[in-house]
Structures are given as structure tokens and as C-alpha cells.
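The values are calculated or read from the model by the stated rules, or taken from the named source; none is laboratory data. Since this is a predicted model, take the numbers as computed values, not measurements. Every residue, glycine as well, gets a Cβ built from its backbone with ideal geometry; the counts of neighbours run over all protein chains shown. These accessible areas exclude ligands, DNA and RNA; they are computed on the full protein's heavy atoms, side chains included. Shrake-Rupley method; radii C 1.70, N 1.55, O 1.52, S 1.80 Å.
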Amino acid sequence: FLGGQAQSHGSLLLKCKPREGLIIKTQSGATPLWQTSSLELWGPPREQPLFPEWQVPLRVTFALLAVTFIYTFLREVLQPYLVLNKNNFYKVPVLVMNKALPWTSITLLALVYLPGLLAAMLQLHRGTKYRRFPAWLAGWMSVRKQLGLLSFYLACLHALYSLCYPMRRSYRYKVLNWAYQQVQQKKEDAWVSEDVWRMEIYISLGIMTLGLLAVIAVASLPSISNSLSWREFTWIQRSLGYTALLLGTAHALVFGWSKWVDPAQYVWYTPPSFVLACLLPLSVLLVKAAMLPPCLARRLELIRRGWERPDRRTSLSPKEEPLLT
Amino acid sequence: FLGGQAQSHGSLLLKCKPREGLIIKTQSGATPLWQTSSLELWGPPREQPLFPEWQVPLRVTFALLAVTFIYTFLREVLQPYLVLNKNNFYKVPVLVMNKALPWTSITLLALVYLPGLLAAMLQLHRGTKYRRFPAWLAGWMSVRKQLGLLSFYLACLHALYSLCYPMRRSYRYKVLNWAYQQVQQKKEDAWVSEDVWRMEIYISLGIMTLGLLAVIAVASLPSISNSLSWREFTWIQRSLGYTALLLGTAHALVFGWSKWVDPAQYVWYTPPSFVLACLLPLSVLLVKAAMLPPCLARRLELIRRGWERPDRRTSLSPKEEPLLT
Amino acid sequence: FLGGQAQSHGSLLLKCKPREGLIIKTQSGATPLWQTSSLELWGPPREQPLFPEWQVPLRVTFALLAVTFIYTFLREVLQPYLVLNKNNFYKVPVLVMNKALPWTSITLLALVYLPGLLAAMLQLHRGTKYRRFPAWLAGWMSVRKQLGLLSFYLACLHALYSLCYPMRRSYRYKVLNWAYQQVQQKKEDAWVSEDVWRMEIYISLGIMTLGLLAVIAVASLPSISNSLSWREFTWIQRSLGYTALLLGTAHALVFGWSKWVDPAQYVWYTPPSFVLACLLPLSVLLVKAAMLPPCLARRLELIRRGWERPDRRTSLSPKEEPLLT
């Protein structure tokens, strides 16, 4: 019995591949996809997981979205309601959402570049590259593409939500009320130069960040990335990616402007969203900057080319061998 | 002579394929595309149709766009002009256009999921899956991808048009006039809570729908869909697709809000656009919901796995055979 | 020793290809990309250029962006500052940027279609197609795809910048000040019919242009363009492309409206941006229109099918031969 079981399992794996190929070909033709599903009887007994390489990144994304959403909700809706007796619940569908989205987006983008820096630090510390990374670091590095695409996706949604702001009724009524007040106060000019500058720079930086992320996302399409050389692919992911992270962080910092030191922003003794959102990207950028001086950069380059610190050199490692295992 | 003619026609078909390959390769190089066009002398005598699988979906799209555009034009521009003597013709390039676009978009999205439901009902009625679908249904099912992509395309244009609203001069002048009136009426607060909520939810649902449709559209790029397993591909098309249809319909219903029962909306005894736009998607969603209870879902699952109702079972059908014909 | 060196260099070129394949495959797996970089020791001694076919188009784009940015800055920021003592520097990040972007975009789009027209004129003048184009023209024609994609990219950024206009503080304060003035002047209606029409048509044309360019850009993705026939590919690039150029030029002309003849627009005796931006696209469209009458079109068609003007016919050119060289 066990032999038969093993045999049928063996043939399952063989039948599994042609089945998928067959169905995918059929599907593009006139024959409907699921007319062929009687083949499921011969299919694998346990279903394969959907998008295995997306599971962890998606969970991280949803967890971050939930945390940032709740944090913003507590600060911007619940606190005014409980303390000031002000009904701000209309802010939930758009304004609270649109604080959770960019916060999660820039955190994910920082998480794309953090493992590479950790790996570099580990290599510098070890003085060799011929030792495996810990499993969590290797796993993290293998989902950087997914994290980056999710970051771009949330950045697009953030852009759409932001562009909708002046379309909302709440914005229209606010503008009308401001106009009414301005007339009542006989204030001829509403212009606040600082606010104008803050917003113009903020918008410009945001669009540039999104534009760069779009290039990186397009370059990760299989049909595009296959046509790129290895150097071109890493150049896009590294140079454009770090520039996008830099611009995105600047975008968040300009949004904050001088509110960092404004006590009114610290309701319930909690810092505003943009302060927390900036911490991780800023750290990543600072560590990256710390690695740029030639003394460190050259040593890292040597290690990556195969050089080993004398005390770390093992007698039994010809340089290419780890690649063959 | 006729023999020679037939022979040259025969070789035409053979030469046709390498010709295309040759030109496509040449085109990416420095040699301009049409320098090679002398080969057209040897080309097929009759031209192949452009985008054969897009012809019907495009015709359906343009027909729907024309009907919805004219319907909106009659109700929102011609009726006020004839009855109220009000010149609303400025609405044609943006506002009328932007009612035809989402209406057509959601109709196309419903048309993506309708044939699958019809096929399921037919299978349940027949009690077997070993009979061919009528030609119109098979043809319809084979253009679902095109209908879905056109729906996404129009949804993107709808988003762009909507985002442009507050940028228009007409909107600016309206806001200025409202501000003027508010000052004249000494109304301190313009806030209409219901309108605020309607718009915030409307916008949030719209962006989520567009975001889901974008994922489905990207997953239908050849280089992406080829890298997906059959289960992953159908999961995206089915789960995300129905969710997008649900959110899109909710988006339209929230846009309508309570105008369903507002007699002022029924000019010339015609219902407003969003009422008509919702009918088909709502029907599709209701039929889908009616198929979800286990009694029906399990029977359908069995039929699709090859089970047949006893009275329908034919003696001459081993289960895989229809696939080989 | 030298012989060994030469030998290893010779094998370098052979090893170069599999190395790239190896790394690209490794990269998608759990093994991090640069763990394999010890192979760089065996890599080619000189680095290959990054994106060789994008170098010239990118340089053209940045040069055009710089020129148009400076031109707009001088006219719209520096002139008011020096002559009228008016501080418009807040316009630099968004408004000046958003004049340079569309100007460069439409210029690049015109540069996509100009070389084809020059080539056609050259062929008509020569009376044959069996002579090579000058190197600059052949080179220009080979980067049309890159120019077109850059044009689309800048058009997307232009759309994003434009959609941000009403979101800016500067716009809000202006609207509030206008509302204040309207109340002061007791002007009940701010409506300027001409401005309303100008903007509605302007926006509608802009979105249609962007929509067409998006179709062309998607069709140039490798995995899509490979699935298109030669006729389909050229139809998209030619028909949709010229339509997009036509709509884009109309978009710019409608933006200008009657400002062509408004002396106030000609500060420092320089024409406004849209006048200069329209010149090249208009010329391209006019030349294209001049080629449409049957007398010219039929002759060009004949030449492209291999016909030669009698005085140009060379005795030693059977028609297919140039293709084989």
C-alpha cells in the first residue's frame, strides 16, 4: 500500500506540470477555462498556496496599515471627540486612510533597503562573505521586490487620495467658511507665504518620488527586467531606489515642516504621524550615508569581490566553491 | 497559369510567418522598419484584420459610450436648455463625458462576469458539463479579458476626469458665487453633514475599485500571467474581480445616495444615470450571491468535477474525452 | 604568462553571457544577488555602458527640460521680480516645472514623428528606396521608441502636477482673495463663459491625449509588442501616435486660446511658452498633412514597394538584394 501511495505521489508531481500548461493554453482559446476542470480529479491532493512569495510581505503591509490607521484614528478622530467634543468622524474614509497609506508606503520602502545594509554591516563585521546569512535576513532579502512593489502600490493610492482632497464636499464647505470669515474680518489678503512654500515643495517632491518609483516598478516587470543587463537592473534598483527613498523622506519632512516642535501636534503625548513615519527611512539613509566614505566602501567592495580578512580566512574555501553548493 | 497561381498562394502562407519575424527583429535594430517593406510584394494578397479579438469588445464599448453620452446629454444639457432656457452646453466636454465613462465602465465590468454566471446556470440546468455552450456564450466568454481591460481603461479616464473637476474654471466660478451668496445670507457655516459623508465614502470606494482593477489589469499582462499558476490567475480574476464589481457598484450607489427617490432627478420621466448604471451590476451580484449557498455551490462543483445527473449521463462519455475532441 | 592572460581574456567573452543568466536566476531565489559577485573577478575588464540606447534620448530630454525651465523662469519669475518688484518665486517648484514638462513632452512626441517624415521626403526626392539614409537620420529613427516613452513619462508627470493645482495652498489663498474681492465689488456672478469653455475643452483634450499615449506605451512593452502582428504594431504607433500628437497640439492651442495676440503675454519681447511649444508639432502635422494627397501618397507607396524612378534605376539591384546585405 505504501509503495502504491508513493508511486501515485510520484506520478502526481509529473502530471501536475503538464496539466497547468494545458489549461493555460486552453484558456486563451475559445474553450472556457473551467470546462477542463475534470482534470482536477487527477490534480494534487493538497492545494498549493497562492502567491507564496507574497504572503509575508502582504501580512507585513496589512499589519502596518492597521497599526497606522488605528494610531491616526485615535489621534485625529477619537481624541477630538472625547476631549474637545468635536465630531471628526467624517475624516475616517479619506483623511485617516490617507495618513495610513503614505506612512506604510515609506516604511515598506525603507524595509526594502534595510536588509541590504544589515547584510553589508554583517559582512564588514565578519570580514568575509563566505558565510551564510541568518535565515531571517536571507528570507527578508528575497522579498525586497514584493515589498518595493507594495510600497509603490500604496504610494499610488496615496497620490489618488491626495488628488481627491479639493474634490470633496468637506473641502468645499471649509473654503466657503474661510471665505466668509475673511470677509467678516475684512482681511484683504489670505496669503501665508510659509504655507504656500511648504505645499509647493511638498507636492513637487511627492510627484518626483512617485515618478521614480514608477520607473523602478516598470523595470521589475518580467518582460522588461529580462531585457536588462545585470548592471542595469541593479543600477535602477539601487540608485533610483535610494533617490526615491531620499525624496520620499524629504516629502514627509516638508509635510511636517515646523510642526516637529509644535506642542499642539503632540495630542495625548503622542508624536504626529510624519515624525514616526520619518524615523525608519531617516535611519536607513543615515546608515547608507555612513557606508559611503571610501574607507568603508572600499573594504566592502573588496569583501564582495572575494577578499577575506586574514584572521577569517579558512583554508578550505576556494573562492567560487560556495556558489556550487 | 492557375496552377502557378495556386502554388504561389501556397508558398505565401509559408513565407508569411518568417516575414513577420524578420521585420520585427529588424525593427528593434538601427535599420528602419519600412526599409524592408519591399517584401510586401510577396505579402498576402488580402490584409489580415487588425486585433481580431478586440473588434467586438471595442464595438460594444463605443456603442455603450454613444448611448450613455446621448442619454446624459439629453437629460442634463438639452432638457435644461429647452425647458428651463438654461445654457448648460459647457457641460459637454467634461461633465457629460464623465457620466458616460463610468456608466460604460461598470457595464463592461458586469459583462465580464455575466457569461460565467449564465454558463453556471446552464450547467446546473443541464446537470452535466459535457455539452458545448451555445456559440454566442462561448464567444462572449472568450472576450472577457478584453471587456475587463476596456472597463479598467474607462475607469482610469473617469478617475482623471473626476480629479480635474476642481481645476476647472466653471468650478472656481461656482465656488466664488457660493461664497458670495453665503456672505449675503450671513450663513456662518456651509457644512452639510450628509453631503460630506456621501462624498468621502464615494471617493474612498472609487479609489479602492480602481486599485483592485489595476491589480487585475497588471496580472493580465502576458509576462505576468505566464508566471502565475492556474489557481493564482483564476483567484485574481474571480475574487478580486467580484470585489471590484461590488465596490464599484457601491461607489455608484453612494454617488446616488438618496436621489433614487428624489422626483427632481427624474427629468422627462427618465431615471438618472446612476440608477440605470447600477441595474446590471446589481443583477450580476445578486445572481452570484444566489449561487453561493452550499446546496447550489456543491452541485455546481460536482458537475464541474465531472459528475452528471443520472438522467443526463451518456453511456459513451469517459470523463476526459471531451477534452480530446 | 601573457599567453595565459590572452587566453583567459578570450574566454571572458564566452563566460560573460552565462554569468548574467546565472545571476538573474539566482536573484529570484533565496540567495541574495550580490553573494554571487565573486564572479566579478572573472567579469569583463571594462564595464559595459548602462542603457546605451537611452543615452541620447535622455540627454535630449534633460537639455530640453533645462532650456524650457530656464525660459519659463526668466519670463514668469525673474521678469516680475525685476520689473514689477513682485515676488513670484513660489511658482518655481510647481508652476514653472509644469510649463517645462508639457513643453518638453510635446516636443519629444513631435521628434518621434519628424524623422519618418524626413525619410519619406528623402525617398520622394531620391525616387528610390535602395539607398541608405544618412547616419544621423538612421540613428534618430532607431530611438523613436525611447523618445516616445519619455514623452509619455513627462506627460504623466504633467498630468500629476496639473491635478495638484487646486490642492496647493497658493490656489486656496487666491480663491479666498477672489471671493473677498467679489464681495467687495458686489459682483453677484463671477462666471466668464469664455474661460469656462477654454478650460473644459483644454482638460478633455489633455486626458484624451494621455489616454492614447498610455495605449501606445503599453503596446511597446516587450511582452505585448511580441504578441502583436507587424501591421497591428505599426497601426498603433502610426494612427494612435499621430492622433495623440494632433490632440496634444490642440490641447496646447486651446490652452493658449486668444493669448497669441495678447501683447501682455509678450514680456521682454519673448513669446509665451505655448506658442513656442506648438511650433514644432504644428510643422510636423502640416508636413504629414501635405503628404496625404493621393499624388504624393501613391508615389511614396510605390517607392516603398520597390518601384524606382527610371533615371534612378540601377542595373545591379534586384529588388530583394539590399535586404540580404
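List pairs: first in the range B:163-186 and touching a residue at least 40 places away in the same chain (Cβ under 8 Å), second of a type in the set (D, E, K, R) and assigned to a helix (DSSP H, G or I), Cβ under 7 Å, 6+ apart or cross-chain?
If the second residue must be of a type in the set (D, E, K, R) and assigned to a helix (DSSP H, G or I), the pairs left are B:Arg168/C:Glu200; B:Ser170/C:Glu200.
In the range A:216-232, what count of residues is obtained for those that are open to solvent by 30 Å² or more (accessible area, probe 1.4 Å) and at the interface with chain C (Cβ under 8 Å from one of its Cβ atoms)?
Of the residues in that region, 6 qualify.
Can you tell me which residue is farthest from A:Ser204 (Cα to Cα) among those in the range C:155-179 that are basic (Lys, Arg) and at the interface with chain A (Cβ under 7 Å from one of its Cβ atoms)?
Filtering first and then ranking leaves C:Arg172.
Residues being modelled with pLDDT of 90 or more, more than 19 Å from B:Pro102 (Cα to Cα) and open to solvent by less than 80 Å² (accessible area, probe 1.4 Å): count how many of those fall in the range B:259-293.
Residues that pass the stated criteria total 6.
Need pairs with beta-carbon distance below 8 Å; first residue on the phi < 0 side of the Ramachandran plot and within the range B:290-302, second open to solvent by less than 90 Å² (accessible area, probe 1.4 Å) and assigned to a loop (DSSP other than H, G, I, E, B); sequence gap 6+ or separate chains.
Matching pairs, first to second residue: B:Ala297/B:Met291; B:Leu300/B:Met291.
So which residues in the range C:238-258 are part of a helix (DSSP H, G or I) and open to solvent by 50 Å² or more (accessible area, probe 1.4 Å)?
Passing the criteria: C:Arg238, C:Thr243, C:Leu246, C:Leu253, C:Phe255.
Could you tell me whether any residue of the range C:117-128 is modelled with pLDDT under 95, more than 23 Å from the chain's Cα centre (by Cα), within 22 Å of A:Ile201 (Cβ to Cβ) and open to solvent by less than 20 Å² (accessible area, probe 1.4 Å)?
No, there is no match, as no residue in the range C:117-128 is modelled with pLDDT under 95, more than 23 Å from the chain's Cα centre (by Cα), within 22 Å of A:Ile201 (Cβ to Cβ) and open to solvent by less than 20 Å² (accessible area, probe 1.4 Å).
Tally the residues that are without any contact (Cβ under 8 Å) to a residue 60 or more places away in the chain and within 19 Å of C:Ala155 (Cβ to Cβ), restricting the search to the range A:208-224.
Final tally of qualifying residues: 7.
Where residues in the range B:131-154 are in contact (Cβ under 8 Å) with a residue 12 or more places away in the chain and part of a loop (DSSP other than H, G, I, E, B), which of them is farthest from the other protein chains (Cβ to nearest Cβ)?
Only one residue fits best here, namely B:Val143.
Look at B:Ser204 and say whether it is polar (S, T, N, Q), at pLDDT 95 or above, assigned by TED's automatic domain parsing to the domain that holds B:Thr104 and within 27 Å of B:Phe89 (Cβ to Cβ).
In short, no.
C:Pro271 is checked against (1) assigned by TED's automatic domain parsing to the domain that holds C:Ala110; (2) out of contact with any Asp or Glu (no Cβ under 9 Å at 6 or more places or on another chain); (3) part of a helix (DSSP H, G or I) and fails just one. What number does that condition carry?
(3)
I'd like the residue in the range A:303-312 that is out of contact with any Leu (no Cβ under 8 Å at 6 or more places or on another chain) and in contact (Cβ under 8 Å) with a residue 60 or more places away in the chain and, out of all such residues, is nearest to A:Pro102 (Cα to Cα).
Looking at the filtered set, the residue picked out is A:Arg304.
Taking only pairs six or more apart or across chains, which ones have beta-carbon atoms under 7 Å, a first residue in the range C:79-103 that is at the interface with chain A (Cβ under 10 Å from one of its Cβ atoms), and a second residue that is crowded, with 16+ Cβ neighbours inside 10 Å and not in a helix (DSSP H, G or I)?
Partner pairs satisfying both residue conditions: C:Val94/C:Arg168.
If I filter the range A:101-130 down to residues being hydroxyl-bearing (Ser, Thr, Tyr) and part of a helix (DSSP H, G or I), which single residue comes out as nearest to A:Ala66 (Cα to Cα)?
My answer is A:Thr104.
Filter the range C:135-172 down to the residues that are polar (S, T, N, Q) and more than 13 Å from the chain's Cα centre (by Cα) and list them by number.
C:Ser142, C:Ser162, C:Ser170
Output the residue which, of all residues in the range B:213-237 that are part of a helix (DSSP H, G or I) and hydroxyl-bearing (Ser, Thr, Tyr), is farthest from A:Gln48 (Cα to Cα).
Going through the qualifying residues, I end up with B:Ser223.
Each row is one residue, and each column tells you yes or no for (1) outside the structural domain of C:Gln237 (by TED's automatic domain parsing); (2) crowded, with 23+ Cβ neighbours inside 10 Å; (3) closer than 30 Å to C:Ala297 by Cα.
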residue	(1), (2), (3)
C:Leu109	no, yes, yes
C:Leu114	no, no, yes
C:Ala138	no, no, yes
C:Leu157	no, no, no
C:Trp178	yes, no, no
C:Val196	yes, no, no
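Could you say whether any residue in the range C:65-82 is at pLDDT below 75, touching a Lys or Arg at 6+ places or on another chain (Cβ under 7 Å), of a type in the set (D, E, K, R) and surrounded by 14 or more Cβ atoms within 10 Å (Cβ to Cβ)?
No, the range C:65-82 has no match at all.
Can you tell me which residues in the range A:180-209 are facing chain C (nearest Cβ under 7 Å) and either more than 19 Å from C:Met167 (Cα to Cα) or assigned to a helix (DSSP H, G or I) (or both)?
Hits for the range A:180-209 are A:Gln182, A:Val183, A:Glu188, A:Asp195, A:Val196, A:Trp197, A:Met199, A:Glu200, A:Ile201, A:Ile203, A:Ser204, A:Ile207.
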